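Following: one structure in structure tokens, then a few remarks.
The values are calculated or read from the model by the stated rules, or taken from the named source; none is laboratory data. Everything numeric in this text was worked out from a predicted model, so none of it was measured. Please note: Cβ atoms are built from the backbone with ideal geometry, for glycine as well, and neighbour counts cover all protein chains shown.
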Amino acid sequence: MVHQIIKYICALSVCLIVSISADHASAQNRKCEKEIHQIKNFELSSTPIPMTEAPFFNMKGEPVSLQDYKGKVVLLNHWAIWCAPCLREMPSIMRLSKSVDPEKIVIMPLSMDRGKASKVHRFVMKKEWSETAFFHDPKMSVAKESGIQTIPATQIIDKTGAEVGRLVGTYEWDAPEVVDLLNCLAK
């Protein structure tokens, strides 16, 4: 009986922690509502959506997860080397990565190309995009678990690891309204 009561109290504690975290994330997102609404076609998440724990890889082939970036705001851009609209918006992502505080904000281009990361790495080097860290998800695990069906698609994830919202299609990611939103969420 005592064991069941302890189990019940632990379950309640987890629920309380999750609801407090969600409320905090929602409050932070509401604080940045003005900035959110300035981004054309940005689809705001009605409630904080916890990000997937699906693994993907850095360009060295080491496994990473979005959970590794909790505590930072993440702009996660799903793209592929064969996607012309993705390549058109990539220069703005490169400029954005140079204009944010990397201690608070992570710009994460996540390639959905099949095959080895070396193919993506060679492409990135040829384009001279080496100043930004690129990532590779050959099984498209993050996209699948996040419901991403079209690229380019970009998700903005708050410090708690919850999706604030997403934009499907291209955007000038170094636009002032994006920088303002990322900085607001990073406070």
### Query
Which is in contact with a Ser or Thr (Cβ under 6 Å, 6 or more places away or on another chain), modelled with pLDDT of 95 or more and farther than 16 Å from T160 by Cα, of P85, P109?
P85
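For (1) closer than 18 Å to K187 by Cα; (2) within 16 Å of the chain's Cα centre (by Cα), each residue gets a yes or a no:
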site: V73; (1), (2): yes, yes
site: S97; (1), (2): yes, yes
site: P109; (1), (2): no, yes
site: V120; (1), (2): no, no
site: M125; (1), (2): no, no
site: E131; (1), (2): no, no
## Note on the structure
From the option list S92, S46, single residue qualifying as surrounded by fewer than 16 Cβ atoms within 10 Å (Cβ to Cβ) and closer than 22 Å to E177 by Cβ is S46
### Task
Those residues that are over 18 Å from M140 (Cα atoms) and surrounded by 16 or more Cβ atoms within 10 Å (Cβ to Cβ), I need them from region 58-73; list them, please.
Y69, K72, V73
### Task
Please go through region 133-185 and pick out each residue that is closer than 21 Å to R30 by Cα, under 13 Å from the mean Cα position of the chain (by Cα) and hydrophobic (A, V, I, L, M, F, W, C).
I156, I157, A162, V164, L167, L182, L185
### Query
Any idea how many residues of region 136-178 are buried (at least 17 other Cβ atoms within 10 Å of the Cβ), in contact with a Leu (Cβ under 9 Å, 6 or more places away or on another chain) and not charged (D, E, K, R)?
15
### S130 buried (at least 17 other Cβ atoms within 10 Å of the Cβ) and among the hydroxyl-bearing types (S, T, Y)
no
### Query
Is it true that some residue in region 40-62 is touching a strand residue (DSSP E or B) at 6+ places or on another chain (Cβ under 7 Å) and among the basic types (K, R)?
no
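The rows are residues; the columns are (1) at pLDDT below 55; (2) not aliphatic (A, V, I, L, M).
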{"site": "V2", "(1), (2)": "yes, no"}
{"site": "L12", "(1), (2)": "yes, no"}
{"site": "S19", "(1), (2)": "yes, yes"}
{"site": "D23", "(1), (2)": "yes, yes"}
{"site": "A27", "(1), (2)": "no, no"}
{"site": "P50", "(1), (2)": "no, yes"}
{"site": "A54", "(1), (2)": "no, no"}
{"site": "K60", "(1), (2)": "no, yes"}
